[in-house]
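Note sheet for the following structure.
The values are calculated or read from the model by the stated rules, or taken from the named source; none is laboratory data. Keep in mind the model is a prediction, meaning the values are calculated, not measured. Quick reminder, even Gly has a Cβ in these numbers, built from the backbone with ideal geometry, and neighbours come from all protein chains shown. Accessible surface areas use protein heavy atoms only, side chains included; no ligands, DNA or RNA. Shrake-Rupley method; radii C 1.70, N 1.55, O 1.52, S 1.80 Å.
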Amino acid sequence: MKPHVIKKAMEYRKLIDVLMSDSNYADIVLYGGNVINVITREAYKAHVAIKGKYILVVGECEDIIGNDTLVIDVSGKFIAPGFIDSHMHFESSMLTISEFSRLSIPSGTTTLVADPHEIGNALGPAGMLAMADEASVVPNHVHLVVPALTPDCPQLETAGVDVNSKDMVTLLNYKNIIGIGELQGFSNAKHVYRNTPEIITDLVASTTYATSIGKVVDGNAPELFGNDLAAHIISTGGTCSCHETTTKEECVEKLRQGVYVFMREGSTQRNMAECIRAITENGLDSRRAILATDDMVAEDLENLGHMNEIVKRTIAQGVDPLEAIQMVTINPATYFGFHDRGVLAPGKLADIAIISDLKNMTVDAVFIEGNLVAAKGQIVIDIPKYVYPNTVKNSVKRGVISKEDLEITSSESFAHVRCIELIPDQNLSGSLEFSMKVKNGVVLPDISQDVLEIACVERYGRNGNIGKAFVKGFGMTSGAFAESVAHDTHNIIVVGTNIEDMTLAVNRVIQMGGGLAIADRGRILDELRLPVGGLITDELTGSEVSKRIKELEHIAKTKLGCKVHAPFMHLSFLALSTSPKWKITDKGLIDVNNFRVLDPIKE
């Protein structure tokens, strides 16, 4: 037997001694609270006894309270299992795992399942393994589900490193990696099958290997129904999740087909209210309904909370609080096979959230493996700052660009252009067309129509591509901003009212080695360096990042006139070539639905 198995046997033997003898006692008893039983969906008064990192018993436990037992009176409060975020990306917060954990633990989140898809696209296996290493040093449970393919659409975009089935043995057998993440390579099922069938063969090789060694496989099936959805489910190995569900009809279809629907509710992508209607209106069983954030910014984590905030929003949609809590505890634990958590029962890990206000999901205290880790919204243990090795830094490998590189040219006096439509709070985007002025052979952005230029600059030194198009929805009246965060291949994306400021912002991101930069009237107004893969900072704390992003967003709003909230995250998703309808990559304007590159000027 492996050492950890022997250790667990010894720990369990001690638990039995406490329960059965007259001379052994619990370490901690949470006394007089209302236990939330997510197995039976009921709440009732009971005590919870803890020994070491495990729950001893839920119920009467006066006979195992000794002189040294710490008895904590939680009368009038609710005792719940610790919360699980089933799908998220640390890179979207721009935080290390350590700093994300520092902000999220006080709100009751004890387990995180992260998809390092972003750093995987930028740095390949080296970046993902570095993140898995950091997962070992935090007090909460952090598991990774890795991409089986980067880039997701090889014909339509350029990643820093190409990942495929040849990498799965190394990745899936590494510590803290529990499976394959969102299978975006087969999201646009029909077009992938017709245009790049070899991708399907490679993905099935990866997912079959993963399931053969007991690993999970997450799906990614936006707007898929019927045969397309069935093919996607089969490609994952027959059991999968989907966090890209945006309508009630999709949610109904997927639940009926056995998909675990991760109802997304993050900082900019908010689909839970629509998805939950499959349960509140159609009366479907919620056992396969799971709440997840996907992407949250540091400011929201710090000011709103994490999974407790998402549960609160779900309750506000008419869901019973106990049922909503099931969606962040037993439901995800069942999907991932976390047999040691997700419920309050004997022998389970003592990962516990103490809640004082059930409707508003106010978390008073948090225990992880029997240790008090947070109280009254504050972390009470030390989480050391984590610094990444230089091997995952310096990911920007291209020289500076000229303004001519960003110009969209035309020989006409007016150009009929294709334009991406930004849809707030969604991954989805629209498609529009406009007539634009041409000056000296260059098509100009038109502030009066809110039609700005958008570009995506390949940053890994692989081909020097620059994709160019137009976008509507930011409402900017001046300047430009650029960032090396552009889902999922994370080339440098920029939007602006004029080419000069766009060029300046892009070049500042290149000079920093990755990050965010705001330019206006020929000067840089502010910036934030992201040295780890051009995605994460290990130089600032979570609170410091929250403050800096707030300052940058304030400048975008007040100096540039940007009208959309969380503008940097909204911009980053306009490069997501697996999410309908039109997107921008380093290869150009992408018609996602038809799997092709479009000319930004329509002849």
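This table checks each residue for (1) closer than 18 Å to residue 349 by Cα; (2) of a type in the set (Phe, Trp, Tyr); (3) touching a His at 6+ places or on another chain (Cβ under 7 Å).
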residue: 16; (1), (2), (3): yes, no, no
residue: 24; (1), (2), (3): no, no, no
residue: 43; (1), (2), (3): no, no, no
residue: 48; (1), (2), (3): yes, no, no
residue: 51; (1), (2), (3): yes, no, no
residue: 58; (1), (2), (3): yes, no, no
residue: 63; (1), (2), (3): no, no, no
residue: 83; (1), (2), (3): yes, yes, no
residue: 91; (1), (2), (3): no, no, no
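Any idea which residue in segment 301-342 is nearest to residue 279 (Cα to Cα), counting only those that are β-branched (Val, Ile, Thr) and surrounded by fewer than 24 Cβ atoms within 10 Å (Cβ to Cβ)? Can you show your working first?
If we filter segment 301-342 for residues that are β-branched (Val, Ile, Thr), which is where we start, we get 310-311, 314-315, 319, 325, 328-330, 334.
Filter once more, keeping what is surrounded by fewer than 24 Cβ atoms within 10 Å (Cβ to Cβ): 315, 319, 330, 334.
Working: 315: 12, 319: 9, 330: 17, 334: 19 Å.
Checking each candidate, the answer is 319.
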Would you mention how many residues in segment 423-444 are more than 24 Å from residue 567 (Cα to Cα), open to solvent by 60 Å² or more (accessible area, probe 1.4 Å) and of a type outside the set (D, E, K, R)? 2
Please go through segment 139-152 and pick out each residue that is over 24 Å from residue 384 (Cα atoms) and either open to solvent by 10 Å² or more (accessible area, probe 1.4 Å) or in contact with a helix residue (DSSP H, G or I) (Cβ under 7 Å, 6 or more places away or on another chain) (or both). 146, 147, 148, 149, 150, 151, 152
Condition (residue is open to solvent by less than 10 Å² (accessible area, probe 1.4 Å), in a strand (DSSP E or B) and over 24 Å from residue 577 (Cα atoms)) applied to segment 118-138: is it met by at least one residue? no
What is the one condition in (1) open to solvent by 70 Å² or more (accessible area, probe 1.4 Å); (2) under 17 Å from residue 425 (Cβ atoms); (3) in a helix (DSSP H, G or I) that residue 554 does not satisfy? (2)
Which of the residues belonging to segment 579-596 are open to solvent by 10 Å² or more (accessible area, probe 1.4 Å) and part of a loop (DSSP other than H, G, I, E, B)? 580, 581, 587, 593, 594, 595
Residue in segment 407-422 that is nearest to the chain's Cα centre (by Cα), counting only those that are open to solvent by 10 Å² or more (accessible area, probe 1.4 Å) and under 17 Å from residue 576 (Cβ atoms): 422
In segment 453-487, residues that are among the charged types (D, E, K, R) and open to solvent by less than 10 Å² (accessible area, probe 1.4 Å) total 4
What strands (runs of 3 or more DSSP E), lying completely within segment 1-76, carry at least 2 residues that are closer than 21 Å to residue 371 by Cβ? 28-31, 34-37, 47-51, 54-59, 70-73
Could we say that residue 157 is open to solvent by less than 40 Å² (accessible area, probe 1.4 Å), charged (D, E, K, R) and part of a helix (DSSP H, G or I) here? no
Go through segment 554-597 and report how many residues are closer than 17 Å to residue 269 by Cα, of a type in the set (S, T, N, Q) and out of contact with any His (no Cβ under 6 Å at 6 or more places or on another chain). 3
